[in-house]
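The values are calculated or read from the model by the stated rules, or taken from the named source; none is laboratory data. Bear in mind the structure is a predicted one, so any value in this text is a computation, not a measurement. With ideal geometry, Cβ positions are generated from the backbone for all residues, glycine too; neighbour counts draw on all protein chains shown.
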């Protein structure tokens, strides 16, 4: 287990911490903070951009204000339709009004574990397993597998500070995002190592 907290406590605490981190003192003029950055993370977003290899629907689960989706939509050579889910209302409001207003109807305020992703609808799914309680991880992965079209990609990712923090809690080293996932999923991933983000790509 990566968390000893109950599910409700885990999500409530996470939401409160992130809202304070991203929005306390932010009048909306800072569009980087709602994604956890102090400046535009172009290098990280380009890692994701390089994974896009055809047209299609792309969803970011835990999308913040949709900045990464905007990067993909505006810089890809392929035609992408973006969708985003986040449980912080202010972030989704900024996505709808500022970042990607053309696609405002595609952004939803919700806990990602509660949302219906449908069947074979998305070509590219971006998901950080650290965003969900460990008890929800397997059911969430099953949901992603059902929602991703054949020939699509599920991009599992997380950040080095997450891996370091969890390694200290577990007293065992976590080297990449695959260490957060069930072994039967992790061994099917294409591993991409980057100093600022750990990525594992599951091709359906």
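Checking the structure you have, find out if any residue of segment 134-147 is under 16 Å from the mean Cα position of the chain (by Cα) and modelled with pLDDT under 95.
yes
Can you tell me which residue among 137, 174 is free of Cβ contacts under 8 Å to residues at least 60 places away in the same chain and either assigned to a helix (DSSP H, G or I) or out of contact with any helix residue (DSSP H, G or I) (no Cβ under 9 Å at 6 or more places or on another chain) (or both)?
137
Mind listing just one residue for me: the one in segment 36-49 that is assigned to a helix (DSSP H, G or I) and free of Cβ contacts under 8 Å to residues at least 40 places away in the same chain and, of those, surrounded by the fewest Cβ atoms within 10 Å (Cβ to Cβ)?
Among them, the one singled out is 42.
Listed residues 116, 123; which is free of Cβ contacts under 8 Å to residues at least 12 places away in the same chain and not in a helix (DSSP H, G or I)?
Step by step, each of 116, 123 is checked, and only 116 is free of Cβ contacts under 8 Å to residues at least 12 places away in the same chain and not in a helix (DSSP H, G or I).
In segment 19-35, what count of residues is obtained for those that are farther than 19 Å from residue 99 by Cα and not in a loop (DSSP other than H, G, I, E, B)?
Looking only at that region, the number is 2.
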